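Bear in mind that the values in this text are calculations on the coordinates, not laboratory data. Owing to the predicted nature of the structure, the values given are computational and were not obtained by experimental measurement. Note: ideal-geometry Cβ built from the backbone for every residue, glycine included; neighbour counts use all protein chains shown.
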C-alpha cells in the first residue's frame, strides 16, 4: 500500500462535504457573498446527513469503519464548528469581545461534543448524546433565511450560537433520524436554499 488512510467509496461524500465547506470559506474571504456561503453550508450538511447512510451500505472492514468515524469527526470540526464561527463573523459584522466570547464558547462545546462522540460512538447506535454539531447546518440557514433582511439578525444569532453550544454538551439522548426524516431534512434544505436565493 503506497498511501496511508482508507480511501474508498464509503468516505467519498465526507470529502465532498469538506470541499463545499472550503469553497464556502473561500467565497466569504474573497467576495463576502454571505448568501452563497450559507448555501454551501447547507450542501455540506446534506453530505454529512447521507455519508453515514452510504458508508453503512458499503462493505467495510473494522479498520475502514474506524477510519470513517475519525475522518467524519475531523471534517465536522471544520464544517460545523469552525465554519459557523466564520459565518457568524460576517453575519454579526464585528470583532468585539462579545463576538470572541460567543465564538470560543461555541467552539469549545462543539469540539467537546465531537471528542465525546468519538470515544462513546459504540454506545449510541440508535441515538445521540447531546445535539450533533451537524444540526447547525439546519438551524443556522433556516434562521438566516427568516431574519436576513431584518435588524433582529445581529441580536438573534449570538443567542442561537450560545444555545446550540449548550445543546451540544447537554447530557440528553436524541433519537437518530430514520426513514422519512431524511426526506424531511432534504425538503427543508431545498426550501431554505430557495428562500435565500429568491428573498
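With the Cα gyration tensor of the range 141-196 giving a ≥ b ≥ c as the square roots of its eigenvalues, does the rule (a/c under 1.5 for rounded; else a/b larger than b/c for prolate; else oblate) give rounded, prolate or oblate? It comes out oblate by the Cα gyration axes. The mean sequence separation of alpha-carbon pairs under 8 Å and at least six residues apart, normalised by the residue count of the range 1-148, gives a relative contact order of 29 percent. Can you bin the range 95-199 into rounded, prolate or oblate? Criterion: square roots of the alpha carbon gyration tensor eigenvalues sorted a ≥ b ≥ c, rounded for a/c under 1.5, prolate for a/b above b/c, oblate for the rest. Oblate is the answer for the range 95-199, as a/c is 1.5 or above yet b/c matches or exceeds a/b. Sorting 192, 21 by the number of Cβ atoms found within 10 Å of their own Cβ, with the fewest placed first, yields 192, 21. Once the Cβ-Cβ distance between residue 50 and residue 98 is put in as r, and R0 is 35 Å, what FRET efficiency do you end up with, to the nearest 0.05? That pair, residue 50 with residue 98, gives E of 0.45.
Provide the FRET efficiency to the nearest 0.05 for the residue 74-residue 12 pair, computing r from the beta carbons and using R0 = 22 Å.
On the way: r = 16 Å, r/R0 = 0.71.
The calculated FRET efficiency here is 0.90.
When shorter helices are ignored and each DSSP H run of at least 4 residues is given -39500 (n - 2.57), the per-residue value for the chain at 222 nm works out to -23500 deg cm²/dmol.
Quick one: if the Förster radius is 30 Å, what FRET efficiency do residue 59 and residue 195 give, using the C-beta to C-beta distance and rounding to 0.05? It would help to have the intermediate numbers written out before the result.
Numbers: r = 40 Å, r/R0 = 1.33.
With a Förster radius of 30 Å, E is 0.15.
By the gyration tensor of its Cα atoms, with a ≥ b ≥ c the square roots of the eigenvalues, what is the shape of the range 2-65: rounded for a/c under 1.5, prolate for a/b over b/c, or oblate? Please list the in-between numbers first.
Working: a/c = 5.22, a/b = 2.10, b/c = 2.49.
It is oblate, given that a/c is not under 1.5 and a/b is not larger than b/c.
Within a 10 angstrom radius of the beta carbon, how do 109, 162 rank from fewest other beta carbons to most? Walk me through the numbers before you get to the answer.
Numbers: 109 23, 162 15.
Ordered from fewest to most neighbouring Cβ atoms within 10 Å, 109, 162 come out as 162, 109.
Taking the 0 to 90 degree range and rounding to the nearest ten, how far is the long axis of helix 34-57 tilted relative to the main principal axis of the chain, both from C-alpha atoms? So the helix axis and the longest Cα principal axis differ by about 20 degrees. Stretching residue 112 away from residue 176 to a fully extended chain increases their span by 21.1 nm, per 0.36 nm per residue minus the current alpha-carbon distance. Compute the separation of the alpha-carbon centres of the range 102-118 and the range 9-37 and state it in Å as a whole number. Using only Cα atoms to place each centre, the spacing works out to 21 Å. At 7 Å along Cα-to-Cβ for each site, give me the label-to-label distance between residue 66 and residue 35 in nm. A separation of 4.8 nm, rounded to one decimal place. Residues 93, 51 in ascending order of nearby Cβ atoms (within 10 Å, fewest first): 93, 51. Gain on full extension, evaluated as 0.36 nm per residue between residue 19 and residue 183 minus their Cα-Cα distance, stands at 56.7 nm.
Extension gain for the segment residue 163 to residue 150, taken as residue separation times 0.36 nm less the Cα-Cα distance, is 2.6 nm to one decimal.
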